[in-house]
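All remarks here apply to the structure that follows.
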Amino acid sequence: MMFESTGNDRVSYAHLSRRDIMARYFNLSAPVGHAGVPLPKHVIAKHDDSNVADDNYTSAVNNTTKNDEFILSEKILNLPIEIKVKITNNLSQYDLVNLASVSKSFYDAAMFSLYENIVVDTSYSILNDSLRTDKNQRCTYIKTKYNLKKFMKSLSQDEIQTAFPLGILVKSLKIYSLPDGVSNMEIVNFVHRSINSLTRLSCLYWESGSRKLPLDTLQYLPNKKELTSLAINLDLSKCTEADIHFPQLERLSVVPFNNSDTLCKFMQQISIETIADRIKVLQLKRQLPSMKQITRNNLNLGQSLIVTKYMVENNLARPDSVETDKSINQSMIDFQFWSFLDPILASATNTTSTATANAPFRQLKVLDIDSVNLLASDAGKVVRAFNLETLSTLSLNNVSEIQWLPEIDFQLTDFTSAAVEHFHEGLLLTIAPHLKQLKSLRLCYQEANRDSIPHFLNLLAKNGVFLEQIDIKITWDDSKLVTVLSWEQLMQSCTKSICKHKSKLKKLSLVTQESLRYCEVPKEIPIDSVLRLTECKNLESLRINGDSLQPTGIHILHRFPKLRFLSLRGKRSGGPPHMGLQMAHNGIMDDWYRVMHVAITLAQANKQLQFVKIDKCLFECGKSGNAIPRPDVLNNWFSKQTRVLVTEDEF
């Protein structure tokens, strides 16, 4: 039906809605135009008074629309497979399964996208997809034992018959955490019966927290020549002599290894000297021994990190362990971590004393070393082996630097003179002048009778290298009094050196502790040092000892105008425990509710806060100053926002 306007109708238009006004000018049954409204009358029909013409036009339009839709659907179904894959890459794994089951034309493309990147993660939730840190890559997640077994079975051609081998579709396989109930036999069967079908695999990531794989896993990998990322948890204690070559390898993680001998054997097995110039990410972590054989964890005092020739030859215990029940002899400490570099440097054509582009690891971007003992005298070997000028992320976590003094043929008692006369410069101060592009730094680094972290940060700033992310742990013990006057002076120099990077610093994690004879306890940061950190106006993430912000944290929090993530570490982060609130058996979310008032107070003090973590309790903050408890599944994501971590995203 058509409506025509007249001059008299204009007066009554004020009380009509927009839709009613448009109805006076347009045919209600007309097709919708680009503006979202029906097409004008003069476009629909040539004769205003011809209802027949309108009906004919509508019928013609409907027929044309159906023909166009049919032609369009035919074109979509006949698209090249490459275009179809780009379309399916934008769909979720649930939509891909539905698409493959209803469309023969899109079956192949859906299967390509579904199997290309497989992630096994028991903590995955579709509700947290918006918080993923690898949004640029579409992944298919497996979180239950049933689905994992179905996936393993689909890769084995002996068990299931498909139009084409599904193993050739898998390009990346990452295991973050195995579902409960997966047995060792099922893992062995996967390696021996299914993994050899992954003929297109370029990335294999097996989280160190998961069960160890059989050592012959590398031999079963069918695509060694094209594998670019390898992070695998192997039982290196039974390392064989067979050579396995990965000529295209760019990212390597050996986590964990037992000692320097097993690490050297594994590096020789994969011929690391032939691919060193291609490595961009290198992650090495030693497996800590059991409590009965513990060595590294007992090296907590500065005097423990000094070894003389006399002490080694006579197998004497460390000076601080005479009165303890865990006396460890010097011969049990592994000094030779960097020994895997010896054959690499021997095969290098140019081994100069400075870091140049001719170093074996010339393309290294990320270096992550964890739970090892280093000799201060080996710093020169590191400079010759790695092109430090290209390094963007450096992580030295749980590392002890040992001063081995072979020129001293007696057991030390005067550590002050030894520090002045005999100590080597150390790794940090040696590599600092060569770091030209460093952006992210993580240090949990212990030295004998000193702490070089403040001086290291000062050298970086002096050379024009300003960090964007800093994650450091300062450990205090009485041996530090050899080189500094007090704990307060050490923290003043530390926070002052951090503030020199304030122009670009966005993420800061500053944790302090005191190393006692039998344990390590949190150490409170002086308030003057905390106030100095407020100079870092660009901070978006802050992680610090919670008791250091009691009770002044509310008053200084507003001085961080861009702060979005706040993590308060320690059991006393929410204040002294209220004994009246303690119960024999905690209910659901009781730990959160006990400290929720602190999260609400912090959220009201800084409206920019999005997430606050108080010890182990995570809260999401609203603009109105409220705080909502969040489950533990977000802890890994939150750690990536507040820490400097080399995670699966690098592989």
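The values are calculated or read from the model by the stated rules, or taken from the named source; none is laboratory data. Everything numeric here is computed off the predicted structure, so don't read it as measured data. Glycine gets a Cβ as well: all are built from the backbone with ideal geometry, and neighbour counts include every protein chain shown.
A few remarks follow.
Per-residue answers, yes or no, for (1) at pLDDT 85 or above; (2) over 29 Å from Lys285 (Cβ atoms):
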site	(1), (2)
Asp158	no, yes
Gln161	no, yes
Lys171	yes, no
Glu207	no, no
Leu215	no, no
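- Taking the criterion of being free of Cβ contacts under 8 Å to residues at least 24 places away in the same chain, farther than 18 Å from Asp121 by Cα and among the basic types (Lys, Arg), the residues of the stretch 182-229 that qualify are Lys224, Lys225.
- You will find that of Ser573, Ser567, the residue that is over 13 Å from Lys506 (Cβ atoms), at pLDDT 90 or above, within 27 Å of the chain's Cα centre (by Cα) and crowded, with 21+ Cβ neighbours inside 10 Å is Ser567 and no other.
- Counting the residues of the stretch 452-490 that are touching a residue at least 40 places away in the same chain (Cβ under 8 Å), of a type in the set (S, T, N, Q) and under 26 Å from Arg643 (Cβ atoms) gives 3.
- Going through (1) surrounded by fewer than 16 Cβ atoms within 10 Å (Cβ to Cβ); (2) modelled with pLDDT under 85; (3) among the small types (Gly, Ala, Ser) one by one, Gly622 falls short only on (2).
- Output for the stretch 448-472, where each listed residue is touching a strand residue (DSSP E or B) at 6+ places or on another chain (Cβ under 7 Å) and not β-branched (Val, Ile, Thr): Ala448, Asp451, Leu467, Glu468, Gln469, Asp471
- Among the residues of the stretch 498-530, those identified as assigned to a loop (DSSP other than H, G, I, E, B), aliphatic (A, V, I, L, M) and closer than 20 Å to Asp478 by Cα are Leu516, Ile525.
Every residue, every condition in (1) buried (at least 17 other Cβ atoms within 10 Å of the Cβ); (2) at pLDDT 85 or above, yes or no:
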position	(1), (2)
Ser497	yes, yes
Ser503	no, yes
Ser509	yes, yes
Leu533	yes, yes
Leu539	yes, yes
Lys562	no, yes
Leu581	no, no
Asn586	no, no
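- If the condition is being closer than 22 Å to Gln403 by Cα, among the acidic types (Asp, Glu) and assigned to a loop (DSSP other than H, G, I, E, B), then the stretch 439-481 contributes Glu447, Asp451, Asp477.
- Hey, Leu533 among the aliphatic types (A, V, I, L, M), in a loop (DSSP other than H, G, I, E, B) and out of contact with any Cys (no Cβ under 6 Å at 6 or more places or on another chain) or not: no
- Residue match in the stretch 360-379 (condition: buried (at least 21 other Cβ atoms within 10 Å of the Cβ), over 30 Å from Glu648 (Cα atoms), touching a Leu at 6+ places or on another chain (Cβ under 7 Å) and touching a residue at least 40 places away in the same chain (Cβ under 8 Å)): yes
- Across the stretch 427-452, the number of residues qualifying as out of contact with any Leu (no Cβ under 9 Å at 6 or more places or on another chain) and not basic (Lys, Arg) comes to 1.
- Restricting Ser486, Ser541, Ser515, Ser497 to residues that are over 26 Å from Ala448 (Cα atoms) and hydroxyl-bearing (Ser, Thr, Tyr) narrows the list to Ser541.
- Candidate set: the stretch 89-123, residues that are within 27 Å of the chain's Cα centre (by Cα) and in a helix (DSSP H, G or I); chosen: the one surrounded by the fewest Cβ atoms within 10 Å (Cβ to Cβ): Tyr94
- Within the stretch 453-480, being hydroxyl-bearing (Ser, Thr, Tyr) and surrounded by 22 or more Cβ atoms within 10 Å (Cβ to Cβ) holds for one residue alone: Ser479.
- Taking the conditions (1) over 30 Å from Ile554 (Cβ atoms); (2) assigned to a helix (DSSP H, G or I) in turn, Val484 satisfies each one other than (2).
- Test for Ala276: is it under 24 Å from the mean Cα position of the chain (by Cα), among the aliphatic types (A, V, I, L, M) and assigned to a helix (DSSP H, G or I): yes
- Within the stretch 394-438, the set of residues being part of a loop (DSSP other than H, G, I, E, B) and at pLDDT below 85 comprises Pro406, Glu407, Ile408, Asp409, Phe410, Gln411, Leu412, Thr413, Asp414, His422, Phe423, His424.
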